[in-house]
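**Student:** Sending over a structure as structure tokens; questions will come in a sec.
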Amino acid sequence: MRKLVQWLLVGVLWLGLGLSIGIAGVQAATTPKVKGLILDNARQYYSVKSIKKLIDQVQAGGGSFVQLHLTDDTRFGVESAKLGQTVKKAKKVGSTYYNRQTKLAFLSKKQLRSLIVYGHQRKIEVIPEIDTPGHSTALIKLLKSSSKANRKLAKKVAVEKSELNLKSNETKKFVKSLLSEYVGLQYPGQHIAIGGDEYSAAITASQPRVVSYTNYLNRYLIKKGLKTAMWNDGLLKADLPKLDHNILVMYWSYDGQTSNPKVIAQHRKIRATLPELNAAGMQTINANSYYLYVMTKAATFKAANVAYWKKDLVNNWQSNVWDVTNHKDLATSSRNIGSAISIWGDGRKSYTQVEVLKRTRPFLQTYFSAQVQ
């Protein structure tokens, strides 16, 4: 994610989970907050070996989950029979599979399952994320190139090149069929993330189609013995009574971190705050993009900027600070069960997997050792 986030480092540096993450029901106020990592495995490919090293870091830091952002505009980063991206059709180099058409690497289902098992053995829940309806450019490209039937389907479920069409009933069925490829890889009672971030919805106080889409996918996962996680973007104040309240919300931004004042005002008027989600009965993970996002770009890793971030996080951030640097409207509910640091590949400079793991280590160590309320 975050095409809208603008990072100006130094000065303005960083402009339920229930059974599976160690929380049974609504956690008591004295229960320590859970911590985890969200890894962008779409803009940059990470191998099984690299992801296992990150799982080990999370375990060593006392964390309890790793969410893999597997799909985005640039890459559909996991095997999918529905989209024609399979290991049988792929070119294999070492242990890495490459789509022969896109030339991009992806994880096989077997590899994804091995990561889920590896994490489970270490009491770390690995949460696969299939991001829709936004950030769907790569998905749509695969859909259009896989078969004649899928090209026909794309006309019904796709909006231009980047988003899925929530006005079409076919879209819900299509995404359900995508998720069906992965439900059998996950342990019962654990999560699959369905995305829900940064898509262009009408700026209206209530959006029934979003409610219908969200509840439909959530109820499908429930029937499969799983739980749903998603981003907060499409969860509106007016729609909270109609939304299923057993969804775990990864709360990254109140306004989407856009630089457009008008859009900021519109988003803050209609979107639910993190405390409002808690009050409605929903559990949240605080993924505050100001403090908790690590972008894999050169400026992020300058020594002065790393030092600034460490000091800022330790002195000014707590798990109840969810809206940029706002220390007034705090998330005090026990339903705000924890937080997550994220590694996002939005930078222009490309780093190898080894370099990313090395350069992000100080951020992960500081975050996991930080004292939070």
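**Student:** Lysine pairs in segment 207-307 with alpha-carbon atoms under 24 Å apart, 8 or more places apart or on different chains: how many are there?
**Tutor:** Eligible lysine pairs with Cα atoms under 24 Å apart amount to 7.
**Student:** Within the set K53/K110; K53/K173; K92/K156; K161/K358; K109/K144, which residue pairs have Cα atoms separated by over 25 Å?
**Tutor:** K53/K173; K92/K156; K161/K358
**Student:** Would you kindly state how much longer the chain becomes between T352 and K302 on full extension, computed as 0.36 nm times their sequence separation minus their alpha carbon distance, in nm to one decimal?
**Tutor:** Once the chain is fully extended between T352 and K302, it gains 16.3 nm.
**Student:** Next up: Roughly how many nanometres apart are two label points built 7 Å out from the Cα toward the Cβ at K237 and D329?
**Tutor:** 0.8
**Student:** Another question, then. Report the gain in length on full extension from A205 to D244: 0.36 nm times residue separation, minus Cα-Cα distance, nm rounded to one decimal.
**Tutor:** 12.3 nm
**Student:** Loop-only check: which trypsin sites (Lys or Arg not before Pro) in segment 284-373 are DSSP coil with at most 16 other Cβ within 10 angstrom?
**Tutor:** Hits after loop and neighbour filter: K302, K328, R348, K349.
**Student:** Would you calculate a helix-derived [θ] at 222 nm for the chain, using -39,500 (n - 2.57) for each DSSP H run of n ≥ 4 and dividing by the full residue count, to the nearest 500?
**Tutor:** It comes out at -10000 deg cm²/dmol, rounded to the nearest 500.
**Student:** At most 16 other Cβ atoms within 10 Å and a DSSP loop assignment: could you name the GluC sites (Glu not before Pro) in segment 113-171 that fit?
**Tutor:** Filter output for segment 113-171: E160.
**Student:** Give me the aspartates and glutamates in straight-line cross-link reach of K35: C-alpha distance below 13 Å, same-chain residues under 8 apart excluded.
**Tutor:** Here the aspartates and glutamates satisfying the reach criterion relative to K35 are E125.
**Student:** Count the net charge of all other residues whose Cβ sits under 10 Å from the Cβ of S339, scoring Lys and Arg as +1 and Asp and Glu as -1.
**Tutor:** Local charge sum for S339: +2.
**Student:** Based on Cα positions only, what radius of gyration and what Dmax would you give for segment 159-218, in angstroms?
**Tutor:** Just the Cα atoms of segment 159-218 yield Rg and Dmax of 12.9, 38 Å.
**Student:** Which of the following values of Rg and Dmax of the Cα atoms in Å was calculated from the structure shown: (i) 19.3, 57; (ii) 20.8, 64; (iii) 19.5, 62?
**Tutor:** Computing Rg and Dmax of the Cα atoms in Å and matching it to (i) 19.3, 57; (ii) 20.8, 64; (iii) 19.5, 62 gives (i).
**Student:** For labels at K155 and T74 in the simple 7 Å Cα→Cβ model, what's the distance in nm?
**Tutor:** The two pseudo-label positions are separated by 3.3 nm.
**Student:** Taking the Cα-to-Cβ direction at S95 and at S259 and moving 7 Å from each Cα, how far apart do the two end points lie in nm?
**Tutor:** The answer from the label model is 4.1 nm.
**Student:** Let me ask you something else. Full-extension gain between K52 and K224, please, as 0.36 nm times their residue separation minus the C-alpha to C-alpha distance.
**Tutor:** 59.3 nm
Values in this text are rule-based calculations from the coordinates and carry no lab data. None of the values given here were measured: they were computed from a predicted structure. Note that we place each Cβ from the backbone using ideal geometry, even for glycine, and neighbour counts take in every protein chain shown.
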